Amino acid sequence: MAGSNCTQATEFILAGFTEAPATQISQFLLFLLTYLITILGNLGMISLIRASPPLHSPMYYFLGHLAFVNLCTSTIITPRMLAGVLLGKKGITYAGCMAQVFTFDLSGVAECFLLATMAYDRYVAVCHPLLYPLVMSPERCSRLVTGSYLLGLTNGVGQTIGMSSLFFCSSRAVDLFFCDISLLITLSTSDTTLSLVILRTSSFLLGVPSILVVLLSYVAIISTILSISSAEGKRKAFSTCASHLTTVSTFYGASIFMYLIPKSDTSRGREKWAAVLYTVVTPMLNPFVYSLRNQEVKEAWRRLRKIKRAWM
């Protein structure tokens, strides 16, 4: 057994991006700005949805929870990365690494199913508008969100259990800026069969259904939009889905590049930047995608500004 003749690692070394001081400073400022925008954007979206009665609808209910998950994803990754760049400390404790694995895998799967739920919501709104109030009732929306979190929790617990059985006796250097379960499995000196089975099973059972819901929903949506005779009707129908489609494309595009495309030594740099897009950039962009492309959100911002001016 690998665990019987070696000492378990107490910390891992996160490689980050570069050792050049000038580049590290620019990276720190860039990622700090990105993180601050992420916090302000997502907290602003959550606050706006809660404060604006016209936004108390299923779509914005799901969007508020998506903003919360984006906050979690960014917060478990970016502050630790900023501290590493600023202080030059690349080590992360074993317990800290386990915590990153748990929270990142929880929020990642929760986001997948929230995006799938939002796709289903758009499908009902476009393809069956008369049934929308009945199908997307508050009780059903609450169950769908709760289910997304529970599936994320199941994934986080499963991946953490799989990692806890691994031993790391030789190489402890993670060639990324956070503890990613797939990279940790390759570093282990013990039998990784259980961890690989858990990783592949969860990817199939949790990832495939959420992707299928998104794909099937948009196939039906596009078919319905094409059957609309007027150009104005097509434009209005598509505008209800454009923001979500942009978010889905960015999220799944980065995750597919990061996890499904075969890895090689020459592609490590591109994989790191795909991870940045997946974990840092996407959580920042989502609230602005919905703000800039959604007329209801713009109107809600205008109403709040008017109310603020009236109180001043």
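Could you give each residue of segment 172-181 its phi-based ³J(HN,Hα) in whole Hz, using Karplus coefficients 6.51, -1.76, 1.60 with θ = phi - 60°, and x for Gly or Pro?
Values, residue by residue: 10, 8, 9, 7, 6, 9, 8, 7, 9, 4 Hz.
Check which residues have an amide H placed less than 5 Å from Glu11's amide H, if you skip close sequence neighbours.
Tyr94
Can you tell me how much longer the chain between Ile37 and Thr10 gets when fully stretched, taken as 0.36 nm per residue apart minus their C-alpha distance, in nm with one decimal?
6.3 nm
Please work out how much length the chain gains when fully extended from Ser229 to Leu196, using 0.36 nm per residue of separation minus the C-alpha to C-alpha distance, in nm with one decimal.
On the way: separation 33, 0.36 × 33 = 11.88 nm, distance 5.06 nm.
Net length gain for the segment: 6.8 nm.
Under a 1.4 Å probe, what is the accessible area of segment 12-297 per residue, stated in Å²?
47 Å²
Mind ranking Leu14, Leu277 by accessible surface for me, highest first, 1.4 Å probe?
Leu277, Leu14
Find how many whole Å separate the alpha carbon centroid of segment 51-70 from the alpha carbon centroid of segment 132-189.
23 Å
Tell me the carbon and sulfur percent of the accessible area for segment 12-297, rounded to whole percent, probe radius 1.4 Å.
72 percent
Roughly how much of Thr189 is accessible, in Å² to the nearest 10, using a 1.4 Å probe?
Thr189 has an accessible surface of roughly 60 Å² with all protein chains in place.
FRET efficiency for Ser47 and Ala83, Cβ-Cβ distance as r, R0 = 45 Å, nearest 0.05?
Calculated transfer efficiency: 0.95.
Given the DSSP H assignment, sum -39500 (n - 2.57) over each helix run of at least 4 residues in the chain and divide by its residue total; what's the result at 222 nm in deg cm²/dmol, nearest 500? Let's see the in-between values first.
Values: 12 runs with 230 residues, N = 312.
Result for the chain, helices only: -25000 deg cm²/dmol.
Note the full-extension length gain between Ser26 and Ala242 as 0.36 nm times their separation in residues minus their Cα-Cα distance, in nm to one decimal.
Gain on stretching Ser26 to Ala242: 74.4 nm.
Tell me, what is the FRET efficiency for Arg143 and Ile222 to the nearest 0.05, using R0 = 25 angstrom and their Cβ-Cβ distance as r?
0.35
The values are calculated or read from the model by the stated rules, or taken from the named source; none is laboratory data. Model, not experiment: these values are computed from the prediction. We place every Cβ from the backbone using ideal geometry, glycine too, and count neighbours over all the protein chains shown. Heads up: the accessible areas ignore ligands, DNA and RNA and are worked out on the full protein's heavy atoms, side chains in. Shrake-Rupley method; radii C 1.70, N 1.55, O 1.52, S 1.80 Å.
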